[in-house]
DNA sequence: ACCTGAACACCGTTCAAGT
DNA sequence: ACCTGAACACCGTTCAAGT
C-alpha cells in the first residue's frame, strides 16, 4: 500500500465496497461511476474491466444485498433456535425489519425492477437464497402447529410481502418509525394460530419487537 | 394551434403528461428533462419555470400517482357497494394490484425514499388520501364483523403493506405473475374472520376474487 | 490481463437576454 | 410572466494505447 502499482489488485471488490458505502451515505442518485473510480484511485475507464455497465455494478450490489439478507435471516433463526416458534418467527421478522430499515437504499436497489436481463439469473438465485430461509421457517412453524396452514411458498411469500411492505412504507416515511414494532408484531401475529390479530396483541411488546426503551 | 406561440399555454401539464408516458414506456431511467422539453417542443431551459428541479417533476408525478390511486380505490369500492364485505374488500385489493402491476415505474416513484423535503408535505397529503380510502374500508369491514379487530390504522396499514409487498415482488419478477391472484386472495383472506388462510381457498380464482357463497 | 486518457454524446442547472 | 440559448460542470461509454 506504499505506492499504488499499476494493477490495483482487487479493483472489483474495492469498487463494490466503496459503492456500498456511498449508497448508504448518499443513496442511488449519489452513485457515480466516475466518482467511484476517483475514490478508489483509479482512472474512470478502469471499472469497465469489472462491470460492463453502471447497471451491472448496481446489480452486483443487489446480489450482495440478498446474500447479506439471507445471512441475517440465518443468524436470527439460529439465535432463537429451540425457543417457542412465535419467538423465532418474531426474531426473524425483526431482523428483516432492522436490516431493511438500516439499509433503505440497498433495499430499493434489491427490489427495483430495472435489473438487466443478464444479471437477473444470478439475482434470482441470490433472492431465492433469502426466500428459502423464509420457507424453512414456515415449514418449521407449520410442523409444530404454530403457523397457519397453506402451501409453504404461499405462506412464506405472504410473510415476506408483509414485512417488505411495512418496511417500504416506513422507509418512505409513510408510517411512523415508532409504529414499526407494533405493525410488525401485528403482521406476524396474523399468521400464527390462536394469535388472530387484535388490538393489544402482546407480540409487539415481546423481546426483540419491543426494543424501544 | 396552427403555429406555436411563444407561450406554450400549459407547459406544466404538457410536461407532466409526456413524462408519465415516458415513465410507462422507459422507466425512470429513461426520463430526461431535456428530452422531455424537446418532445413538448420547448427549449431545455423552459421547464425550469414550472419545476425547479428534475426531482420536483418526479415528485409531482408521484403526487399525481397517489391521486389516481385514491380514485381507483374509490371507484372499486363504489362499484361493489352493497355487496358482501369480502367481495368489496377483494375488489379493492384487485384494483390495487392491477394498478400497481400496470404502472410499475410510477409505483416505484411513489414509494421511493428520495423525495424532496419540500414536496413531502404535498406528497404526504396525497398519500393520505389513498390511506384514508383503505381506512374507510377497514372501518366498514369491522362494523359488519367481517374484518378482523384492531385499530383501524393498524389493520389498514397491514392490508396496504401486504398488497404493496406482493405487487412489489411481482414487479421485480420475484413471484410469478400468475400467482398474483392466489397470493392476493390469500392475503385478503388472512384479515377476514372465518376465512383463515388455508390451501385451496377459492378466493383467487373467482371474478374479482369472489367465492363468497 | 489490466489500466489510462482522450473523445463523444448526453445530462441537469444556471442565467442573462429576449418576447 | 414566460421562454430562449449559451455556458458550465458533470456524466456514462467507448477504445486505442500503454504497462
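Take the residues in the range B:67-79 that are crowded, with 21+ Cβ neighbours inside 10 Å and touching a residue at least 40 places away in the same chain (Cβ under 8 Å); name whichever of them is nearest to residue A:167 (Cα to Cα).
Here the residue is B:69.
Looking at the range A:128-139, is at least one residue closer than 30 Å to residue B:118 by Cβ and in contact with a helix residue (DSSP H, G or I) (Cβ under 8 Å, 6 or more places away or on another chain)?
So far as the range A:128-139 goes, no, none of its residues is closer than 30 Å to residue B:118 by Cβ and in contact with a helix residue (DSSP H, G or I) (Cβ under 8 Å, 6 or more places away or on another chain).
Looking only at residues in the range A:37-55 that are part of a helix (DSSP H, G or I) and closer than 14 Å to residue A:8 by Cα, which one is farthest from DNA strand C (Cβ to nearest atom)?
A:39
Do the conditions hold for residue B:47, that is, is it surrounded by 15 or more Cβ atoms within 10 Å (Cβ to Cβ), in contact with a strand residue (DSSP E or B) (Cβ under 7 Å, 6 or more places away or on another chain) and over 18 Å from residue B:124 (Cβ atoms)?
Here the answer is no, as residue B:47 does not meet what is asked.
Suppose we keep only residues that are more than 7 Å from chain A (Cβ to nearest Cβ) and surrounded by fewer than 24 Cβ atoms within 10 Å (Cβ to Cβ) within the range B:149-159. Which one would you say is nearest to residue A:182 (Cα to Cα)?
If we take residues in the range B:149-159 being more than 7 Å from chain A (Cβ to nearest Cβ) and surrounded by fewer than 24 Cβ atoms within 10 Å (Cβ to Cβ), then B:153 is nearest to residue A:182 (Cα to Cα).
If I filter the range B:176-196 down to residues being within 9 Å of another protein chain (Cβ to nearest Cβ) and modelled with pLDDT under 90, which single residue comes out as surrounded by the most Cβ atoms within 10 Å (Cβ to Cβ)?
Per the stated criteria, the residue is B:190.
Being without any contact (Cβ under 8 Å) to a residue 12 or more places away in the chain and within 11 Å of chain A (Cβ to nearest Cβ) is the filter here, so list the residues in the range B:80-119 that pass it.
Listed by number, the residues that qualify are B:113, B:117.
Would you point out which residue out of B:29, B:59 is within 22 Å of residue B:100 (Cβ to Cβ), within 11 Å of DNA strand D (Cβ to nearest atom), in contact with a helix residue (DSSP H, G or I) (Cβ under 9 Å, 6 or more places away or on another chain) and part of a helix (DSSP H, G or I)?
B:29
The values are calculated or read from the model by the stated rules, or taken from the named source; none is laboratory data. Computed from a predicted structure; not experimentally measured. Neighbour counts run over all protein chains shown; Cβ positions are idealised from the backbone, glycine included.
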